[in-house]
């Protein structure tokens, strides 16, 4: 064999052909040959992707266009304004560095998924070396090694099974199927079979729950199915979140706007007013610096960080900050079934005995003397540890749990009737029988198994404790109930018994499992979570489409989907697509029909990624939930990956953007509501900041045209520091507006400027600028100090400074809603907002009222009439905006906003 391991479909070949392919035999390898292959193939370990250093991660935070603009602005501000510019530059740099450090901290665990996959490996394996069973470190296994598997083992590599004695392997982490797979080396497997149907294979990192097996290693390391997933994780594209895309769009918009403003200002200063070109350049640069909302990245980060705290209190742990906002734009929630929508725990749901079908929650005439329950409890290998935890096959533990839930002393019952002999379950006869001594010296044979197989061996039935004949009518009734439960995706087992005088010397199925008395049927399922159906309903109401993606069987997936409301009962359209059917479709063809399907069954990790990408190519924002290793690539590909905190593997958690601490699907809907609120609040913050910056730019620009000297750099710096900080952050934590979960999702195409925000920024910025200039003009025309032009200008400058600051604080109330009146949203409802306005006002007023500060800020003390003019000019902002909003609502603008 070459160093490259073969990607053969070993599950389609017989054992002899597989052994030839891997150049081995039933005796395994010699130690020398194993060492030779180890040198050739390498260790049975997962390769690590190229790790980024802490410095590289830190530098990557500066690739954002907004950050680059801010860094350029910092340099230009020093050139333009000297010492004042240096202060501005230091503030900008501090904001940028803190933002980058926080980003590195939040995203510094990107390699966790691969590390978690590596840690899942079994440390030791029992392999045949030199003809003897030898314990070998699993990382030293090579193709051709023959490995022995027993209950409790973790499969150390991908293997083609050679023997399977009642072997069951739990593969939920790889396939999503909740029930352990019964392995069968003799069954012919189709070439297009999914992982869950390859019953003659054992896959690395799956768990042996029952029986014993022997297999030959066919692939190790990155060539195993788990290795394939690790490779997909390393190669998966990181999807830009809608938030990042929106911020990039905003950065580009501001870049073009700033360049235009700077160019126009330069032309006006040099060619209209005749200023020196250097002075004109400095003026245009200063305006450009004033146009940049330098606090925006930090405020967005703070708003997202506060959102993560809210979500943490509600059982959602956010690993990457933008995930908070991304949830708000989610249009598709692609959910894994097992452990996410369901309990990942087999549960008895229906019991058929005495000719009647009963729900498990009924007050049944149960007792361990009830024959059907007695059969499945005695013919059961479940162990109960000292803490009362059930250990064993999920199907068998479901029976024991059912009896315990009904209040019975199972442990005492098993001690009273100990097992003295048994015929273990095997996949051919599909039965299990145990023998227990009775007080009268006879023996009870308890049998459970597949209904079709067990019924063939029954000659009578138990009827209320009495033995009665099985006539045609009863036989048909049993078969009908079995069929109906199966069609409801229940896993059905039957119970039977008989009493014998002595234990046969030759324990065979023919001797022991004949002439049985039928006791009943028990139907089990991995049930849906109690809160999941309501969560699906709320998601649909919010315009979000939930879809189910699972490795489980088609019938089971469809039944659960209908019970949850993902597929409407009575809908005749086929909404279920299997992995095999998906293989027949090209990506282009699949994208055309992807909207038809709500359930995907028997799928592989590649299928999950294809499904997510198909929806993304339709322009949809996709959230993917999952808990297994098989979900990890899709979790990483989705716009937001949501891992399960309790049942989730470390691999799925490492690939996720967010983790549900309670594994509750309903928690996602809570997180979506928070995400929508966060986006709305960021949008309000941007509207507030940009309208304020627009006002500053327009004020200075128009004043330049009029030949007025309205504001100095120190005024702009202080106003930006005071009004851009506390009120902007307070807007970021505003409560959600009513009806936020009845709107359709924004989707990928929306931006921070949609929903009337752009027009609001423009007219509100212009309005602020005009009001400031109006107050400035009023001060010049109505001076307090008659004849003193210097004092008149100083008063006018102070009034313009005070008006610009106050007008922005009043405007913060307007921004609480784009179209709704501040009276409806509640102007004083938020204590945080009220305090932020008060603190900002005190800081602004202090520069005018406190005499030592007047010299620093180049302002004068204002008399009551001047303060009245400032207040009237500032408060007019609320009155005019309320009037505009009233007109907009009458024209129906608010109905078209998302």
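Structure notes:
- Annotation: of all residues in region 121-168 being closer than 14 Å to residue 226 by Cβ and in a strand (DSSP E or B), the one that is farthest from the chain's Cα centre (by Cα) is 159.
- Screening residue 205 on (1) touching a helix residue (DSSP H, G or I) at 6+ places or on another chain (Cβ under 8 Å); (2) surrounded by fewer than 21 Cβ atoms within 10 Å (Cβ to Cβ); (3) part of a loop (DSSP other than H, G, I, E, B) shows it passes everything except condition (2).
- Every residue from region 495-515 that is touching a helix residue (DSSP H, G or I) at 6+ places or on another chain (Cβ under 7 Å) and either at pLDDT 95 or above or in a strand (DSSP E or B) (or both): 495, 496, 497
- Residues that are closer than 15 Å to residue 375 by Cα and touching a strand residue (DSSP E or B) at 6+ places or on another chain (Cβ under 6 Å), drawn from region 388-400: 397, 398, 400
- Identity of the residue in region 448-476, part of a helix (DSSP H, G or I) and in contact with a strand residue (DSSP E or B) (Cβ under 8 Å, 6 or more places away or on another chain), that ends up farthest from residue 376 (Cα to Cα): 474
Residue by residue, here is whether (1) in contact (Cβ under 8 Å) with a residue 40 or more places away in the chain; (2) in a helix (DSSP H, G or I); (3) in contact with a strand residue (DSSP E or B) (Cβ under 7 Å, 6 or more places away or on another chain) holds:
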site	(1), (2), (3)
834	no, yes, no
838	no, yes, no
843	yes, yes, no
848	yes, yes, no
853	no, yes, no
860	yes, no, no
868	no, yes, no
871	yes, yes, no
874	yes, yes, no
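- For region 172-189, the tally of residues that are without any contact (Cβ under 8 Å) to a residue 60 or more places away in the chain and either surrounded by 23 or more Cβ atoms within 10 Å (Cβ to Cβ) or part of a strand (DSSP E or B) (or both) stands at 1.
- Screening 668, 659 for residues that are in a helix (DSSP H, G or I), touching a strand residue (DSSP E or B) at 6+ places or on another chain (Cβ under 8 Å), within 30 Å of residue 632 (Cα to Cα) and at pLDDT 80 or above leaves exactly one candidate, 668.
- Criterion applied to 543, 523, 570, 551 was being closer than 19 Å to residue 179 by Cα and part of a loop (DSSP other than H, G, I, E, B), and the one residue passing it is 551.
- Set 588, 623: member being part of a helix (DSSP H, G or I) and at pLDDT 90 or above: 588
- Qualifying residue in region 427-439 (condition: part of a loop (DSSP other than H, G, I, E, B) and in contact with a helix residue (DSSP H, G or I) (Cβ under 6 Å, 6 or more places away or on another chain)): yes
- When residues of region 722-735 are limited to those that are at pLDDT 80 or above and assigned to a loop (DSSP other than H, G, I, E, B), the one farthest from residue 695 (Cα to Cα): 735
- Scanning region 810-832 for residues that are touching a residue at least 24 places away in the same chain (Cβ under 8 Å) and over 30 Å from residue 892 (Cα atoms) gives a single hit, 832.
- Matching residues, region 396-440, being surrounded by 17 or more Cβ atoms within 10 Å (Cβ to Cβ), at pLDDT 90 or above and within 27 Å of residue 164 (Cα to Cα): 396, 397, 398, 399, 400, 422, 423, 431, 432, 433, 434, 435
- One residue stands out among those in region 804-832 that are under 33 Å from the mean Cα position of the chain (by Cα) and part of a helix (DSSP H, G or I): the one that is nearest to residue 761 (Cα to Cα), which is 825.
- Each residue in region 468-478 was checked for being surrounded by 14 or more Cβ atoms within 10 Å (Cβ to Cβ) and out of contact with any helix residue (DSSP H, G or I) (no Cβ under 9 Å at 6 or more places or on another chain), and 2 pass.
- The residues of region 625-647 that are within 17 Å of residue 552 (Cβ to Cβ) and either crowded, with 23+ Cβ neighbours inside 10 Å or out of contact with any helix residue (DSSP H, G or I) (no Cβ under 7 Å at 6 or more places or on another chain) (or both), listed by number, are 625, 626, 627, 628, 629, 630, 631, 634, 644.
The values are calculated or read from the model by the stated rules, or taken from the named source; none is laboratory data. Fair warning: this is a prediction, and the values are worked out from it, not measured in the lab. With ideal geometry, Cβ positions are generated from the backbone for all residues, glycine too; neighbour counts draw on all protein chains shown.
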